[in-house]
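One structure is given below, encoded as structure tokens.
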Amino acid sequence: MRVSVHFRGLCATGFLLLGVLGCGSAPPTPVHPVRGQVLFEGQPIPSALVVLHPVNPSAGKEVPPPRAKVESDGSFTLGTFESRDGAPAGDYIVTVSWWQSGATGKGGRQDDAPPSNHLPSRYSKVSTSDLRAHVEAGDNQLPVIRLTK
């Protein structure tokens, strides 16, 4: 009898912990869907990287910056904890970089060169980027980000 009561207590504690922790852990900070498009000199920049840096980071919260890889049409969907899961609400400084290799695959001198950012460097640094974004609770469509030389 005593073993049965003890066993039921352990089971109840286990179920309580599962309920608190959950089977699949939810993000510690709520995120909201965010889509956008980025163009350089009016053209899409496939495989560019868009990153949102919080203007006022939450103290004590370890939240990675929302980021996205740009598609062939210039569109992107941000992800924070997982690919395309969205971004926390708030104001952001946006950085964009477009790293490409000059490699030809023919074994020439260019093949040894490291990839380089094909955008003006001001867009890839938080300290010099003039790009801003605001994310609200709910579905977000950012204005087109238009980059120039």
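Residue under question is VAL51, and the condition is that it be under 28 Å from PRO115 (Cβ atoms) and under 16 Å from the mean Cα position of the chain (by Cα); does it hold? Considered against the rule, which asks whether it is under 28 Å from PRO115 (Cβ atoms) and under 16 Å from the mean Cα position of the chain (by Cα), VAL51 comes out as yes.
Counting the residues of the range 126-146 that are loosely packed, with under 12 Cβ neighbours inside 10 Å, assigned to a loop (DSSP other than H, G, I, E, B) and within 16 Å of the chain's Cα centre (by Cα) gives 2.
The set of residues in the range 107-125 that are assigned to a loop (DSSP other than H, G, I, E, B) and either within 16 Å of LEU39 (Cα to Cα) or at pLDDT 95 or above (or both) comprises HIS118, LEU119, PRO120, LYS125.
The values are calculated or read from the model by the stated rules, or taken from the named source; none is laboratory data. Being a predicted model, the structure only gives us computed values, none of them experimental. Every residue, glycine as well, gets a Cβ built from its backbone with ideal geometry; the counts of neighbours run over all protein chains shown.
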